[in-house]
Amino acid sequence: MKNGIVEAVIASNRRIAEDVLRMELIYKDAALAAPGQFINIYLREKNLLLPRPISVCDAADGALTLVYGVVGAGTRAMADYAPGSVLRVGAPCGNGFNVSDARGFGRVTLIGGGIGVPPLLMLAKALKTETDASVRAVLGFKSETFLADEFRTCCDETLIATEDGSEGFHGNVLELLKEENLNPGGDYFYSCGPLMMLRALSRFAGGQGIPLQVSLEARMGCGYGACKACICVVGSRQSEGLAAETATVNKRICVDGPVFFGNEVIWDV
Amino acid sequence: MYKRPDMSVELCGLRWKNPVTTASGTFSARDSGGYYDFSRLGAVTTKGVSAEAWRGNPVPRIAESWGGMLNAVGLENPGVEAYIKEEIPYIKHYINERLMPGGERMCANTGGDGSEAGTCAAPETLIIANIVGKHVDEYRAVAERLNETDADMLEMNISCPNIKAGGLSFGTDARLAAEVTAAVRAATAKPLIVKLTPNVTDICEIAKAAEDAGADAVSLINTLLGMRIDAKKRMPTLANITGGLSGPAIKPIALRMVYQTARAVNIPIIGMGGIMTGEDAAEFFMAGASAVAVGTAALICPTAPTDILSELEEFMQSNGFADIGALRTALG
Ligand SMILES: Cc1cc2nc3c(=O)[nH]c(=O)nc-3n(C[C@H](O)[C@H](O)[C@H](O)COP(=O)(O)OP(=O)(O)OC[C@H]3O[C@@H](n4cnc5c(N)ncnc54)[C@H](O)[C@@H]3O)c2cc1C
Ligand SMILES: Cc1cc2nc3c(=O)[nH]c(=O)nc-3n(C[C@H](O)[C@H](O)[C@H](O)COP(=O)(O)O)c2cc1C
Ligand code: FES
């Protein structure tokens, strides 16, 4: 079978910001992971039945990096998993970011919000090697930043926004983008972050004719396409002649996504 | 060491090479088929299908609870025409590819006819089409439309707790259950399974009504109506507010209901509800089931249906059960 659950070994699992951890896994098929894909984590706790999807933050030969926020019982349990122990994980899942679509653009801007920042790191590296575009990261945090140095190493430009003004721009990423000197007009956008941010960004990009890919999330059941728990609604705003019911379709975020084009997502359902 | 047990069963005039199927709504041929070889199962049961496409409920559709999960998917499905055009042929093709003489995996671990793995005399994996409707005519229309297809059996979901207009009312009222069963019975020559809801006071009454109206088998249980509240956000966890509870938490209720129903009707029972291991499955046979379905376990671990089949075979072998019939009479 092409897909399976494998046992990966936790090489390290350490705190990189308040309630944010970085986990390195020894994982033999790591090189198969593409930017924007995620893996299902099968927790050890018998009472926490469902897999937890976590995006691939970086992948190298035989090693996978995940960065996750502690938001509930599952991620709290993960935070206690010791290096050297075994973790059951699924194969990299989903349709990740389409990198080649940005070819021909002079500059790509990656817009990340909070725990949506990690998958953009692997994307930044792929864009640097597979396109000629200059890569700019615009990263938003509540207060404490994480991964910023990694982005600074591989991006041409890295801008930080914090909601409390403790570092970089005081405000959110959208406000930062609208600052005159950022001129995102001819850019190609990729983004991952809270739904509200993606929705506002999609409106902004749409208004300026900037292409945008977004990575969405939803509560998942199976994480591999079997249960239809994780849907989003996509459609074409152009098909005005059609009834609303037929002009839009449900897509499963776990296998059809998690990455979609901003202008195909129906945000207000 | 005992001889390899005979896993085959006879249900509604059809031979199953083994008594394990998937529970409706937890199996997608294209996606599940990438994780395990579903042609090893006695049957596959597909997601509920209606006359026209249904969009289902808003998200979040899933919530976890201690030992189980709540779902309010809302029976999203592409409609019976798309099902006939895309799902059935895909399943058929998948099964045939693996049953071809000389095929690598063919019949491995199916047992049944006593033959060695690799010499394929066992029957093909059957297709059970699960059908839903908002009213009697819709059930009838879907059943009729499936007549000329490769679906081997029909399973009528009269028990889904999610759709306000239909589902619940049919399955919780003996008269309505009989009415819709009789209507579908008249519309199809295929073996008809009526899937019962546990959200009733007396499941035997509904099972008997289905039997009297012409059902060839009953399957139980569907999910138990429940809800969760996110206390921090001060709102229900599911967008639909309520949802169906499934998984290990419901197994004792499912077992009790299978046990009671087996003593109330003369038609076979497909048992389900929280089956996580081969030994769990054995308990359902001892309670009176003739076959079992694996649902939530497959969401938690994609290969669960075939894992559980192997575990059941192992359990039978090491505990001296020669066939499913022996399990079924174990309680005396
Ligand atoms: C494709 C995808 C990629 C993801 N990548 C990452 C990642 O790289 N790093 C990371 O930290 N998180 C990521 N997530 C979110 C992560 O899966 C959840 O935070 C995690 O499952 C929560 O588990 P828990 O048991 O700790 O929380 P729970 O106790 O289950 O929930 C705590 C809170 O988080 C919310 N929540 C839980 N799961 C989700 C979800 N899937 N989407 C939105 N809200 C949710 C719940 O509604 C609840 O309010 C991703 C989600 C998806 C769908
Ligand atoms: C996500 C999900 C979707 C389901 N969809 C259907 C469905 O379409 N039709 C149906 O008859 N039952 C449906 N069910 C119920 C299951 O088939 C099964 O009866 C129930 O979940 C109990 O078994 P389990 O504990 O093994 O999951 C669904 C269950 C789940 C968890
Ligand atoms: S989580 Fe089950 S289909 Fe996406």
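With the simple model of a label 7 Å out from the Cα in the direction of the Cβ, A:K178 to B:D202 spans 6.6 nm. Under the combined filter of DSSP loop state and at most 15 neighbouring Cβ atoms within 10 Å, the range A:1-78 retains these GluC sites (Glu not before Pro): A:E18, A:E45. When exposed loop sites are taken as trypsin sites (Lys or Arg not before Pro) in a DSSP loop with at most 16 other Cβ atoms within 10 Å, the longest stretch of chain A clear of them is A:143-236. Averaging Cα coordinates gives a centre for the range A:153-232 and one for the range B:192-267; these two points are 43 Å apart.
Taking a straight line from the alpha carbon of A:K178, these aspartates and glutamates sit under 16 Å away, with near neighbours fewer than eight places off in the same chain left out: A:E163, A:D187. Cα centroid separation, the range B:17-65 to the range A:1-45: 27 Å. Of the residues B:T201, B:V142, B:L255, the one whose Cα sits farthest towards the positive end of the charge dipole of the protein assembly as shown is B:T201 (charges of +1 on Lys and Arg Cβ, -1 on Asp and Glu Cβ, taken about the Cα centre).
Explain nothing, just the number: relative contact order of chain A, from Cα pairs under 8 Å at least 6 residues apart, as a whole percent.
Details: 621 pairs, mean separation 43.5, N = 269.
Relative contact order comes out at 16 percent.
Among residues other than B:N222 with Cβ under 13 Å from its Cβ, the summed charge is 0 (Lys and Arg +1, Asp and Glu -1).
When you look at the Cβ of every residue in A:40-48, what mean number of other chain Cβ atoms sits within 10 Å?
Values: counts 1, 0, 2, 1, 0, 0, 4, 7, 4.
So the per-residue partner count for this stretch is 2.
Find out how many positive minus negative residues lie around A:A8, taking Lys and Arg as positive, Asp and Glu as negative, among other residues whose Cβ is under 11 Å from that of A:A8.
Details: positive: A:K28, A:R88; negative: A:E7, A:E24, A:D29.
For residues surrounding A:A8, the net value is -1.
Modelled label positions at B:K92 and B:A231, each set 7 Å beyond Cα in the direction of Cβ, lie 5.4 nm from each other. The relative contact order of the range A:1-130 comes to 32 percent, based on Cα pairs under 8 Å that sit 6 or more residues apart. Comparing B:V20, B:G325, B:I275 along the charge dipole axis of chain B, the residue lying farthest to the positive side is B:I275, per the Cβ-charge model.
Net charge dipole, chain B: roughly 900 debye, given to the nearest 20, about the Cα centre with Cβ charges of +1 for Lys and Arg and -1 for Asp and Glu. In the elastic network of chain A, a GNM with C-alpha springs shorter than 10 Å, the most mobile of A:F151, A:F105, A:F38 is A:F105. Projected label points at A:R103 and A:D80, each 7 Å from Cα along the beta carbon direction, are separated by 5.0 nanometres. Seen through its C-alpha gyration tensor, with square-root eigenvalues sorted a ≥ b ≥ c, chain A comes out oblate because a/c lies at 1.5 or above while a/b is not bigger than b/c.
Between exposed chymotrypsin sites (Phe, Trp or Tyr not before Pro) in chain B, where DSSP calls loop and at most 15 other Cβ atoms lie within 10 Å, what's the longest gap? Show your work: numbers first, answer last.
Details: sites that count: B:Y2, B:W66.
It runs B:67-332.
Could you tell me whether chain B comes out rounded, prolate or oblate from its Cα gyration tensor? Rule is a ≥ b ≥ c as square roots of the eigenvalues, rounded for a/c under 1.5, then prolate if a/b exceeds b/c, otherwise oblate. Cα axes put chain B in the rounded bin. In a reduced charge model with +1 at each Lys and Arg Cβ and -1 at each Asp and Glu Cβ, the protein assembly as shown shows a dipole moment near 660 debye about its Cα centre.
Taking a sphere under 13 Å around the Cβ of B:C204 and counting the other residues whose Cβ falls inside, with K and R at +1 and D and E at -1, yields a net charge of -1.
Only Lys, Arg, Asp and Glu carry charge here, each on its Cβ (+1 for the first two, -1 for the last two); on that basis the range A:100-264 has a dipole of about 520 debye about its Cα centre.
Which shape class applies to the protein assembly as shown: rounded if a/c is under 1.5, otherwise prolate when a/b exceeds b/c and oblate if not, where a ≥ b ≥ c are the square roots of the Cα gyration tensor eigenvalues? Before the final figure, lay out each step's value.
Details: a/c = 2.11, a/b = 1.74, b/c = 1.21.
Because a/c hits 1.5 or more and a/b exceeds b/c, the protein assembly as shown counts as prolate.
Projecting the Cα atoms of A:L176, A:C254, A:S134 onto the charge dipole of the range A:100-264 (Cβ charges, centred on the Cα centre) puts A:C254 farthest toward the positive pole.
Read-outs: derived from the displayed coordinates by stated rules, not from any lab. Because the structure is predicted, anything quoted here is derived from the model rather than measured. Glycine also receives a Cβ, built like all others from the backbone with ideal geometry; neighbour counts cover every protein chain displayed.
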